[in-house]
Amino acid sequence: MAWGSGGIERMAEELVAPAEEFGREIRYAREARGWTQEMLASKLWVQQPYVSKVERGQQLASPQFAEQCDKAFGTPGVYARMRQRAADAGNPVWFIPYLRLERESVSICDYSNAFVMGMLQTPEYAEAVYRSARPKESAAGIKRLVDERMRRRELFEAPDPPSLWVILHEAVLRSRVGSARIMQRQLRHLLAASEVPGISLQVFPFQAGAPARGVAFNVLTRQNGAEVLYEETYQQGRVDDSVEAVAEARAAYERLRAGALSPAESLNLITHVMEAYTHEHHSRPLSHGMGEVQLQPRERRSMRRVGPRVHIRRRHTRPGQ
C-alpha cells in the first residue's frame, strides 16, 4: 500500500476521513495495474459512477465491493479488512470491541427500554435520537453518526447472519421520538423487520409490571458457544464475559421473555400504536388556512387490524418455554 514516509505526510493521512483513505488505496491499486475506472467497474460488476464515488471518498464501499476488489487485485482479505476498519473508525473507541463481537455472534438477545435498538432504527428516528442527545452537533456531524448507525444493518446482509431476538418495553413504542410521522415509519419498519428470517420481536407491556432489569442490555452468543454481556452506561458501554454477570443477565432476559407478549400479540400492539401515530399525523390541520389534511391512500399490510383497544390475553408459560 502507498503510505507516506515523512512525518508531515503521516500527519496529513491521519486527518483523512476513513472513506477517503479507503478510496485512495483503491485508486492506487487500480492505477498501478493500468486500469481505468470503467475497466475496474466491469471486473467488480458495478457501475463506473460507483467506483468514482468510492475513490473520491464520497461513499464508503459496501462489503461486497471490498471483497470483489480483493479478488480482482489478488489481495485475499486485505481490502475487506481495510473497509471494515474504515466502517468502524467513526464509532467511539469503546464501542468498536462490541461491533466486532456483534459480527462474530451467532445470536443476539437484546432488551431495549428507551429507544429502538440501533440496528432496527430508521434514519429519521436515529437522527431524532442524535439531535436530542447532541443539540450542539452540526448537521454534517449528525449525518455522519446516522450513516454509521445505518451501516450496522450490513450484519444481516452477510451470508450467515446471526439470529436476533429483541424485547422492546412498551415505553419504546409510546415515547414519541421526533414526530408522529417518524414514529409511524419506525414502527412500520419494525413490522417489516419481523418478517426477516431470524429476527423475532416481543413487547414487554406496561401491565406486566416492573421488568427484570431496569437498563438496556444484550447477550451475544459467539460461535464457540460462549456468551458475552453488553450494557451501556451514561457515557459508554461495557462488555463483560464473566460467568456470574452473563448468568445473571441471561436469567433476567428469560424472565423478560416470559413476561412479554407473544410475538403475534406484540405485532398486533405495534400495529395498533403505529395506526394511532398515522391518524395523529394525518389529522393535524395545515397552516395558512388550508383546513384539515386529507387522508392519502396508502398501501397497508395484509395484517389484521386491531380496534381502539387492545385486549391482551396473558400466556401461561410452560416449563422450558
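Every number here is computed from the coordinates shown, using simple stated rules; none is lab data. Please read these numbers as outputs of a predicted model, since none were measured by experiment. Every residue, glycine as well, gets a Cβ built from its backbone with ideal geometry; the counts of neighbours run over all protein chains shown.
Within straight cross-link reach of K71, meaning Cα distance under 16 Å, which lysines are found once same-chain residues fewer than 8 apart are removed? Straight-line reach from K71, under 16 Å: K43. Taking other C-beta atoms within 10 angstrom as a stand-in for reagent exposure, R151, R174 fall in the order R174, R151, fewest first.
Listed from fewest to most Cβ neighbours within 10 Å, the set W165, W45 follows the order W45, W165. When the Cα convex hull of region 164-265 is projected onto planes of every orientation, the mean area is 7.8 nm². In this label model, K143 and E254 are separated by 4.9 nm, measuring between points 7 Å along each Cα→Cβ vector. Here the residues Y130, Y230, ranked from fewest to most Cβ neighbours within 10 Å of their Cβ, fall in the order Y130, Y230.
Residue separation of Q47 and A226 scaled by 0.36 nm, minus their Cα-Cα distance, works out to 60.2 nm of gained length.
In region 7-89, inverting the average of 1/r over every pair of distinct C-alpha atoms gives 12.7 Å as the Kirkwood radius.
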